[in-house]
């Protein structure tokens with residue numbers, strides 16, 4: 001798998017080590033959001049191996065595939081933060097499009113070297129986002145047939161990678177599967193994303209910046225539920241198919257931040273400012289901010305038997321509890337360039 005030191009990737013590895021007998025090879029270049037501390041307790045296990053490598057390095061990817069001879073490739077490695085893509089789109093094009101192309105080429109070469117039975121069983125699962133579909137109005141939900149309409153450099157780069165994966169199946173026969181997920185949250189998420197950032201700010205009594213009036217809507221998916229969907233795609237997914245994965249938990253951003261405030265008030269230390277909802281501060285919206293995303297996940301439910309186990313309330317409580325209990329991890333992963341400052345002000349196109 002690629003990107004196994006990131007948020008979703010490390011959650012997948014931890015879950016598989018607990019709940020399956022899979023052996024996993026983790027390929028990760030360890031950028032700012034990749035952290036091996038998220039895999040404490042896993043790294044020395046007999047079913048786990050790690051290679052620090054860039055997915056754009058064809059020579060390294062070829063050597064790793066030839067050495068480990070995997071039954072599948074789970075492709076999670078990506079630059080994934082919309083605000084960072086606005087400030088610096090270069091890395092998103094390089095990793096998400098060019099890196100995916102390189103990985104596809106090396107996977108195709110490897111797949112062609114397999115005997116017929118192994119070729120039949122092999123899968124390349126590409127993990128993508130609902131943001132490729134653009135923005136919804138007040139009603140409706142994204143389905144697997146929704147036309148692509150990406151609106152940020154990040155979503156455009158992921159749309160491009162999706163198209164490459166689909167083309168490598170239809171043109172070359174590589175048995176690929178694409179999943180498009182809604183917003184993930186949970187333990188070990190780098191504190192630049194909305195939920196962990198707001199938890200960190202609320203804990204410290206810092207202002208809680210909310211874009212616009214907080215009316216943007218996202219469908220929230222607990223990360224372990226997403227990981228179980230990825231396992232279902234690996235084990236039962238049909239090559240050439242796409243599966244949407246969502247938590248059926250639409251919330252306005254303001255509602256999410258308010259609920260975080262209430263949970264930190266309940267579970268964390270008291271602060272002089274009083275109830276943390278008083279810290280909410282509406283700020284100028286980011287450029288091209290999509291209004292609403294919502295996922296119709298009925299296909300993966302009916303065809304692969306997957307359903308989320310967590311509600312938004314149960315998942316958010318677990319998440320807040322984890323961050324409150326793991327402040328040392330948060331401090332270490334934020335010891336580099338990112339310290340919780342505002343991103344996505346649009347400087348990248350200057």
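The values are calculated or read from the model by the stated rules, or taken from the named source; none is laboratory data. Every value quoted in this text rests on a predicted model; they were computed, and no experiment measured them. Methodologically, a virtual Cβ is constructed for each residue, glycine included, from the backbone with ideal geometry; neighbour enumeration extends over all protein chains shown.
Scanning the stretch 10-49 for residues that are farther than 20 Å from residue 189 by Cα and touching a strand residue (DSSP E or B) at 6+ places or on another chain (Cβ under 7 Å) yields a count of 5. Of the residues in the stretch 251-263, none is farther than 28 Å from residue 87 by Cβ, under 21 Å from the mean Cα position of the chain (by Cα) and surrounded by 17 or more Cβ atoms within 10 Å (Cβ to Cβ). Among the residues making up the stretch 45-92, those that are part of a strand (DSSP E or B) and either crowded, with 19+ Cβ neighbours inside 10 Å or in contact with a helix residue (DSSP H, G or I) (Cβ under 8 Å, 6 or more places away or on another chain) (or both) are 48, 49, 50, 51, 72, 73, 74, 75.
Checked against (1) surrounded by 18 or more Cβ atoms within 10 Å (Cβ to Cβ); (2) closer than 27 Å to residue 153 by Cβ, residue 287 meets all criteria but (1). Restricting attention to the stretch 123-150, the residues that are free of Cβ contacts under 8 Å to residues at least 40 places away in the same chain and either under 28 Å from residue 106 (Cβ atoms) or touching a helix residue (DSSP H, G or I) at 6+ places or on another chain (Cβ under 7 Å) (or both) add up to 4. In the stretch 79-103, the residues that are touching a residue at least 12 places away in the same chain (Cβ under 8 Å) and on the phi < 0 side of the Ramachandran plot reach residues that are assigned to a helix (DSSP H, G or I) and surrounded by fewer than 21 Cβ atoms within 10 Å (Cβ to Cβ) with C-beta atoms within less than 6 angstrom, at least six apart or across chains, in these pairs: 79/91; 97/160; 100/164; 101/164; 102/58.
The helices (runs of 4 or more DSSP H) found entirely in the stretch 114-220 that carry 1 or more residues being at pLDDT 95 or above and surrounded by 15 or more Cβ atoms within 10 Å (Cβ to Cβ) are 153-172, 194-204. Would you mind stating whether residue 273 is assigned to a loop (DSSP other than H, G, I, E, B) and surrounded by fewer than 24 Cβ atoms within 10 Å (Cβ to Cβ)? Yes, satisfied.
With the structure loaded, tell me whether residue 307 is out of contact with any strand residue (DSSP E or B) (no Cβ under 9 Å at 6 or more places or on another chain), closer than 22 Å to residue 221 by Cβ and outside any helix (DSSP H, G or I) or whether it fails that test. Criteria met by residue 307.
Inspect the stretch 299-309 for any residue being more than 21 Å from the chain's Cα centre (by Cα) and on the phi > 0 side of the Ramachandran plot and give the result as yes or no. Yes; the residues of the stretch 299-309 include at least one that is more than 21 Å from the chain's Cα centre (by Cα) and on the phi > 0 side of the Ramachandran plot.
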